[in-house]
Amino acid sequence: LPNGVEMPALGLGVYQSAPEDTVDAVRIALETGYRLIDTAAAYFNERQVGEGIVRSGVDRSEIFVTTKLWMSDYGYDRALRAFDASLRRLGLDYLDLYLLHWPVPADAEATVAAYRAAERLFADGRVRAIGVCNHNPDHLATLLEHTEVVPAVNQVELHPFFTQRAVREADAEHGIITQSWSPIGGVNVYQADDPTAAKNPLEHPTVRGLADAYGRTPAQILLRWHLDHGLSAIPKSVHANRIRENFDVFDFALTAEEIAAIDALDTGVRGGPDPDEVSPAVFPLTIDD
């Protein structure tokens with residue numbers, strides 16, 4: 001990361017992992033070799049992530065834990081209280097990475113105030129790095145204009161059907177690591193009822209052809225594509241075989257031509273929410289302390 005902290009390139013995401021499945025998913029991931037676990041207050045499974053960490057037997061110092069501040073807790077004082085609540089739920093005394101979950105363009109002042117609270121937590125040593133999620137270049141420009149610490153990470157929807165080139169270029173310009181949520185395109189499955197949503201990248205003939213050529217699964221090909229682009233990826237699964245399979249991607253690499261072939265699958269259509277339209281009113285979640 002820009003401040004010298006090392007973050008694993010590949011981690012386990014737990015978005016939409018039911019609480020009852022999360023403990024074992026985290027435990028199995030850590031036993032497999034993962035050292036990055038990504039959760040959020042709005043996932044309502046921080047407690048189970050903490051329990052999975054304990055059950056794994058892996059020392060806390062070896063694990064990079066990320067959680068996120070939900071929009072309903074934006075603002076300086078509210079953000080500080082929400083951070084404390086996340087730590088309590090996780091059962092931890094510090095975080096490795098704390099992220100603002102979404103920009104709120106309709107209330108940029110609250111977004112900036114929340115990030116300033118994160119800056120204080122960083123200055124106080126309670127979190128090793130801070131960053132944002134779902135920030136387009138204009139959102140990022142607004143934040144940078146009113147804050148001091150450049151985000152270490154910008155976590156965004158990113159997969160072969162939505163490659164986010166402009167976001168990646170803006171992040172790179174500022175030394176920000178781009179991290180991919182829904183890296184194998186699962187968001188398109190969640191939005192299957194949307195007629196404008198792209199289909200599953202795992203089923204595309206280009207990806208399947210590469211999987212056959214390398215003797216790998218389509219998911220492994222896509223995760224390797226992220227790594228070969230210098231991206232961080234946080235695939236989600238609660239199935240032991242897939243958790244292990246997703247981690248088995250460090251003994252091969254795609255060629256430049258193969259990377260370009262996957263790049264060419266970009267549709268320009270996102271599967272998840274548009275960051276310009278997100279607000280607490282659109283997603284009225286309340287995070288219980």
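The values are calculated or read from the model by the stated rules, or taken from the named source; none is laboratory data. This one's a predicted model, so the numbers in the text were calculated from it and none came from an experiment. Quick reminder, even Gly has a Cβ in these numbers, built from the backbone with ideal geometry, and neighbours come from all protein chains shown. For the accessible areas, the whole protein counts, side chains as well, though only heavy atoms, and no ligand, DNA or RNA atoms are used. Shrake-Rupley method; radii C 1.70, N 1.55, O 1.52, S 1.80 Å.
Check every one of the helices (runs of 4 or more DSSP H) wholly within region 198-261 and list those with 2 or more residues that are among the small types (G, A, S).
Passing ranges, in order: 205-214.
Which members of region 1-29 meet the condition of being without any contact (Cβ under 8 Å) to a residue 60 or more places away in the chain and closer than 10 Å to I243 by Cα?
Answer for region 1-29, where residues must be without any contact (Cβ under 8 Å) to a residue 60 or more places away in the chain and closer than 10 Å to I243 by Cα: just V26.
Sort out which residues of region 112-134 are open to solvent by less than 10 Å² (accessible area, probe 1.4 Å) and either in a helix (DSSP H, G or I) or of a type in the set (S, T, Y) (or both), and write them in order of number.
A114, Y115, A117, A118, L121
Any idea which of (1) buried (at least 23 other Cβ atoms within 10 Å of the Cβ); (2) within 22 Å of V238 (Cα to Cα); (3) more than 16 Å from the chain's Cα centre (by Cα) is the one Y74 doesn't satisfy?
Condition not satisfied by Y74: (2).
For region 135-160, name all the residues that are over 22 Å from G4 (Cα atoms), open to solvent by 10 Å² or more (accessible area, probe 1.4 Å) and either without any contact (Cβ under 8 Å) to a residue 40 or more places away in the chain or within 16 Å of the chain's Cα centre (by Cα) (or both).
N136, P137, D138, A141, T142, E145, H146
Just need a number here: residues in region 29-55 that are open to solvent by less than 20 Å² (accessible area, probe 1.4 Å) and more than 20 Å from F83 (Cβ to Cβ).
4
Whether any residue in region 52-74 is in contact (Cβ under 8 Å) with a residue 24 or more places away in the chain, touching a helix residue (DSSP H, G or I) at 6+ places or on another chain (Cβ under 6 Å) and among the aromatic types (F, W, Y) is what I want to check.
The answer is yes; a qualifying residue exists.
Given the residues R224, R208, R270, which is the only one that is closer than 25 Å to T32 by Cα and basic (K, R)?
Result: R224 is the single residue among R224, R208, R270 that is closer than 25 Å to T32 by Cα and basic (K, R).
Identify, please: which residue in region 89-111 is assigned to a helix (DSSP H, G or I), without any contact (Cβ under 8 Å) to a residue 60 or more places away in the chain and within 21 Å of the chain's Cα centre (by Cα) and is, among those, surrounded by the most Cβ atoms within 10 Å (Cβ to Cβ)?
For region 89-111, the residue satisfying everything is T111.
I'm trying to understand the selection: among the residues of region 188-214, which are modelled with pLDDT of 90 or more and closer than 18 Å to L158 by Cβ?
N200, P201, L202, H204, T206, V207
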